[in-house]
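Below you'll find the structure, written out as structure tokens, and then a few comments.
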Amino acid sequence: MAGPRGKPTTWRIEPAGPLRGEVAIAGSKNAVTKHMVAAILATSPSTVRNAPRLGDVDITAGMLRSLGAQVAVEGHEVTVDATGLDESRIPVSYTGLNRVPILMVGPLLHRVGEAFVPLVGGDRIGNRPLDYHVGALRALGAEVALGDQGLEAKASRLQGAHIRLPFPSVGATETVLLTAAVAEGRTTLENAATEPEVVELALFLQRMGARIELQPDRRFLIEGVDRLEGATQHLGGDRIEAFSYLVAGLATGGRVRITGCAQDRLVTAISTLQRMGARFTIDDDGIAAEAPAGTLRSSAVHTSPHPGFMTDWQPPLVVLFTQVAGMSVIHETIFEDRLGYVEALQHMGGEIELFDQCLVGRSCRFHERAWQHSALVRGISELRGAEITMPDIRAAFAYVIAAAAARSPSVLHGVHHLERGYDRAAEKFSSLGLIIAPSGGP
Ligand code: EPU
């Protein structure tokens, strides 16, 4: 089967020893689409620079065009001109493709007073309910109804509110920022997410004319304004892509240097790998990680909201754990079902056992529920190549690392998952020495 835009859907990977070289990290996937959504709040054009080339950008551009906005994606620049936006409904054909539609509700209420968005998709890593988004939209004055096909909302006027999120959700924080920025009066958002991509969106909105303050206690204060103007922003580097390539080098006994992602986005990633014995060389232009054979140590890590160890760094780390002597532990506390991908790693020879208990750190929200959200990894495992299917973006990259570390070739299906989230992954992996033969396209 051909993938989106006729791209190959399968890679055959020949392990070719340690991955070595330099990778230029693109702008962040989880910021670019949000900036594109923010741009429709304005009636003058906005430009996002250093945009990654990803499937998710194309999907989001398609949604915005269906609303009457003009979107130009040229190289690493995306321009959105929503002057002519006059539609309030995103076609149901966008059902399940990514998490962006729910973020469009607030901006559409501002622009056209009503919105229909199909049910959001994204990776299957847990239930991913929308209750925080819906609660926040209602608090800000929207009438919201959830139907079989999607979410309908209308609002004659949006008004500021006091909102406290039950958990610091990235998406729900973004929904509040994108809606409260143009509501009447003040919004206080407590227990907000403060991930760099969320702050980056707040900065973009500030450039557009929004009045937003971030207090040190996870609190955003937003003073609504009548209108926003288009703005331009250069995106910061993708910290998930950066970590993933650094780990690809370590897991294969090589050395990868990344450029284009600031050190302050990777503090916890670097300290976690340093604790395992990785050696870093950091200067103003880049970050390199290496570990001479046999020097990496096992570790125990739990994922948590920023500035903790992020959930999207977890799948590559688990592959690295299989290549480190001793017992390592991971406790996933953000998404209840984000370890399903380990089955394929077990099939490749990884010794990984799943638990429904909270194995490291404090008990999390999934404590005493049936979700297998902790894993014990015994290394070093000699991984065998296998024929496997990528289930989601982050697992997809983890499988490529595992295939690169394996002793025999692998066939990986579902490459469109990788292309939805990683800028030119085939080119970048090939430049590190991985031998990839694509197939499955037209
Ligand atoms: N949650 C609710 N109700 C809600 C919203 C969230 O219960 O209404 C729960 C979720 O089920 C989850 C937790 O809150 O247990 C955190 O979810 P969050 O809302 O923070 O996640 P998200 O906004 O859906 C974004 C990224 C994810 C990343 C998470 C956490 C995008 C498009 N996605 O998801 O990235 O893992 O934040 O940082 O920004 C990825 O890029 O592969 C990816 C999955």
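Since every read-out is calculated from the coordinates, none of them should be taken as a lab result. In this text the structure is predicted, and so the values were computed from the model without any measurement. Cβ coordinates were reconstructed from backbone atoms using ideal geometry, including for glycine residues, and neighbour counts include every protein chain displayed.
Contact order, relative form, for segment 1-102: 24 percent (alpha carbon pairs under 8 Å, 6 or more residues apart, mean separation divided by residue count). Its residue count N sets the reference 2.2 N^0.38 Å, and the alpha-carbon radius of gyration of segment 338-398 equals 1.23 times that reference. For segment 198-273, the equivalent ellipsoid derived from the alpha-carbon gyration tensor has semi-axes of 35, 15, 7 Å in decreasing order. GNM on the chain, alpha-carbon springs under 10 angstrom: the most fluctuating residue among Gln323, Gln233, Gln215 is Gln215.
Charges only on Cβ, +1 for Lys and Arg, -1 for Asp and Glu: so what's the dipole of the chain about the Cα centre, in debye to the nearest 20? It would help to have the intermediate numbers written out before the result.
Numbers: 42 positive and 48 negative charges, 86 e Å.
Computed about the Cα centre, the dipole is about 420 debye.
Can you sort His413, His373 from fewest to most other Cβ atoms within 10 Å of each residue's own Cβ? Write out the running numbers ahead of the final one.
Values: His413 18, His373 29.
So the residues, fewest neighbours to most, are His413, His373.
Close Lys pairs in the chain (alpha-carbon distance under 22 Å; sequence gap of 8 or more, or different chains): 4. Dipole of the chain (Lys/Arg Cβ +1, Asp/Glu Cβ -1, origin at the Cα centre): which of Leu103, Val199, Leu418 lies farthest to the positive side? Most positive-ward Cα: Leu418. The alpha carbons of segment 287-326 stretch over 32, 25, 13 Å along the principal axes, in descending order.
If you run the Gaussian network model on the chain, springs between alpha carbon atoms under 10 Å, then out of Asp312, Asp81, Asp356 the most flexible one is Asp356. Taking the charge dipole of the chain about its Cα centre, with +1 at Lys and Arg Cβ atoms and -1 at Asp and Glu Cβ atoms, the residue from Gly294, Val360, Ala398 reaching farthest to the positive side is Gly294. Taking a quarter of the surface of the Cα convex hull of the chain gives a mean projected area of 19.2 nm². Put simply, the amide H of Gly237, placed in the peptide plane, has neighbours under 5 Å in Ala262, leaving out anything fewer than 5 places away on its chain.
Put in order of Cβ neighbour count within 10 Å, fewest first, the listed residues His347, His306 become His347, His306.
Determine the gain in length on full extension of the stretch Glu351-Arg157; use 0.36 nm per residue of separation and subtract their C-alpha separation, reporting nm with one decimal. Don't skip to the answer; put the middle values down first.
Numbers: separation 194, 0.36 × 194 = 69.84 nm, distance 5.60 nm.
Extra length available between Glu351 and Arg157 comes to 64.2 nm.
Could you give the C-alpha radius of gyration of segment 236-300 expressed as a fraction of 2.2 N^0.38 Å, taking N as the number of residues it contains?
Numbers: Rg = 10.9 Å, N = 65, 2.2 N^0.38 = 10.7 Å.
Relative to the 2.2 N^0.38 Å estimate, segment 236-300 comes out at 1.02.
For Glu184, the residues 5 or more places off, or on other chains, whose built amide H falls under 5 Å of its own are Leu158, Gln159, Gly160. Size descriptors for segment 216-336, from the alpha-carbon set: Rg then Dmax equal 17.2, 60 Å. Neighbours of Phe243, meaning other residues whose beta-carbon lies under 11 angstrom from its beta-carbon, give a summed charge of 0 when Lys and Arg score +1 and Asp and Glu score -1. For segment 146-257, the fraction of C-alpha pairs more than 24 angstrom apart is 40%. Mean sequence separation of contacting Cα pairs (under 8 Å, at least six apart), scaled by the length of segment 216-358, corresponds to a relative contact order of 19 percent.
Shown in residue order for segment 360-371 are the 3J(HN,Hα) couplings computed by the Karplus curve 6.51 cos²θ - 1.76 cosθ + 1.60 at θ = phi - 60°: 10, x, 6, 4, 10, 4, 9, 4, 6, 10, 6, 6 Hz (x for Gly and Pro). Quick one: which residues, 5+ away or cross-chain, put their amide H under 5 Å from the amide H of Arg255? H built at 1.01 Å from N. For Arg255, the qualifying residues are Leu19, Arg20, Gly21.
Summing +1 for each Lys or Arg and -1 for each Asp or Glu, what net charge is found among the other residues whose Cβ lies under 10 Å from the Cβ of Val170? Mind showing how you got there, number by number?
Details: positive: Lys34, Arg99; negative: Glu174, Glu195, Glu197.
Summing Lys/Arg as +1 and Asp/Glu as -1 gives -1.
Between Glu22 and Thr95, the modelled label-to-label distance comes to 4.8 nm, taking each label 7 Å out from Cα in the direction of the beta carbon. Taken one residue at a time, the phi angles of segment 82-94 give Karplus couplings (6.51, -1.76, 1.60, θ = phi - 60°) of 9, 3, x, 5, 9, 9, 10, 10, 8, x, 5, 4, 8 Hz. Gly and Pro are set to x. Residue by residue, segment 427-432 carries 3J(HN,Hα) couplings of 4, 5, 5, 4, 5, 8 Hz when phi is fed to the Karplus relation 6.51 cos²θ - 1.76 cosθ + 1.60 (θ = phi - 60°); x denotes Gly or Pro. Spatial offset of segment 79-141 relative to segment 154-210 amounts to 14 Å, using the alpha carbon center of each.
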